[in-house]
1. Across region 94-149, which residue is farthest from ASP241 (Cα to Cα) among those that are in contact with a His (Cβ under 7 Å, 6 or more places away or on another chain) and within 16 Å of the ligand (Cβ to nearest atom)?
2. Just name the residue that is surrounded by the most Cβ atoms within 10 Å (Cβ to Cβ) out of those in region 176-201 that are more than 18 Å from GLN149 (Cα to Cα) and polar (S, T, N, Q).
3. Which residue pairs have Cβ atoms under 9 Å apart, sit 6 or more places apart or on different chains, and have a first residue in region 237-263 that is on the phi > 0 side of the Ramachandran plot and a second that is part of a strand (DSSP E or B) and more than 15 Å from the ligand (Cβ to nearest atom)?
4. May I ask you to list the residues in region 202-261 that are within 16 Å of the ligand (Cβ to nearest atom), in a helix (DSSP H, G or I), aliphatic (A, V, I, L, M) and open to solvent by 10 Å² or more (accessible area, probe 1.4 Å)?
5. What are the pairs with Cβ atoms under 6 angstrom where one residue, in region 129-147, is farther than 16 Å from ASN81 by Cβ and the other, located anywhere, is more than 16 Å from the ligand (Cβ to nearest atom)? Sequence gap at least six, or different chains.
6. When the residues of region 60-101 are filtered to those that are more than 18 Å from the chain's Cα centre (by Cα), part of a loop (DSSP other than H, G, I, E, B) and among the aliphatic types (A, V, I, L, M), which remaining residue is nearest to LYS128 (Cα to Cα)?
7. For the condition closer than 16 Å to LYS256 by Cβ, among the acidic types (Asp, Glu) and either open to solvent by less than 30 Å² (accessible area, probe 1.4 Å) or at pLDDT below 95 (or both), what is the one hit in GLU13, GLU47?
8. Using the structure shown, decide if SER195 is more than 16 Å from the ligand (Cβ to nearest atom) and among the small types (Gly, Ala, Ser).
Amino acid sequence: MINRNDILKAVKEIVGNHLDKKLIIAGNWKMNMTISEGKKFLTEMEETVSANTILIFPPYTVLAALSTDFNKQNIHYGPQNFHYKKEGAYTGEISIPMIKELGCDYALVGHSERRTYYNETDEEINKKAHAGVKSGLNIIICIGENLTQRQSGEWKAILKEQIKKDLAEITWDMFSGISIAYEPIWAIGTGVSASSEEVKETHAYIKEVLKDAFGRTVRLLYGGSVNEKNALEIGSIENVDGFLIGGASLKPDVFKRIIDQVS
Ligand code: PEP
């Protein structure tokens, strides 16, 4: 049984206490959950109260079927992807007006699985960023390096390049609609998160790059094997403004415990 006070004490000694901040806690369900499974999840999430912002990115079917239920709870929700064009001959795609009609106010952009399996490029991600923000969506852009790039020390250049390309021509006034999720590819779905030192160093670096390039930063989430054992420690690190959670967001009891720990 995890004792919150013991963890908090240990965490404060290591990284200092930065939990007097409002976090974004986002769950990415990927290609998981039928409508009935999503419904059950939401029922079990009922009465979850948090001062933090809770987001869920379910499959489109669940989004459409449960949008009214989402609205009843204090959860924001949105798609895991969208097309930057409003309509047209783009088989298999979904547009911003379609998702906004459901009441979505957040959307995920450029997840590494989309970059890897669907060859999504930084140029496309940039177009989605422009279209998303212009239409009033809050978007979370995912960036991250692979294991070889981490081990070779190339990660700084990779992240800088992604930031530069993904946020190209984004103007100062558009920044409030943008968050970034730093998701080291080697930590996604592996059960091994980046260490606190790696998260601390990388988040400080990303914020510095943003400040240098744009004169301001954005909210910066960490993603990669966040679970109920490491959430408090990672959430306490300076420059961590929230989490993007895959596997551990699929079980309501686990997701709830993560939310409770950092609330
Ligand atoms: C993700 O896919 O965004 C993710 C962080 O997954 P997991 O939490 O399972 O590593």
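1. Step one: of region 94-149, the residues in contact with a His (Cβ under 7 Å, 6 or more places away or on another chain) are 94-95, 105-106, 142.
With the extra rule that they be within 16 Å of the ligand (Cβ to nearest atom), the set shrinks to 106, 142.
Values: TYR106: 16, CYS142: 14 Å.
The extreme case among them is TYR106.
2. SER179
3. That search, which allows pairs on different chains as well, returns GLY242/THR53; GLY242/ARG219.
4. Listed by number, the residues that qualify are ALA248, VAL254.
5. From residues that are farther than 16 Å from ASN81 by Cβ, the pairs are GLU145/TRP155; GLU145/ILE158.
6. Among those that are more than 18 Å from the chain's Cα centre (by Cα), part of a loop (DSSP other than H, G, I, E, B) and among the aliphatic types (A, V, I, L, M), it is ILE94.
7. GLU47
8. Taking the combined requirement at face value, the residue does not satisfy it.
The values are calculated or read from the model by the stated rules, or taken from the named source; none is laboratory data. Remember, predicted model here, so these are calculated numbers, not experimental data. In this analysis, Cβ positions are derived from the backbone assuming ideal geometry, glycine residues included, and neighbour counts consider all displayed protein chains. Ligands, DNA and RNA are stripped out before the accessible areas are found, and what is left, the full protein with its side chains, is counted by its heavy atoms. Shrake-Rupley method; radii C 1.70, N 1.55, O 1.52, S 1.80 Å.
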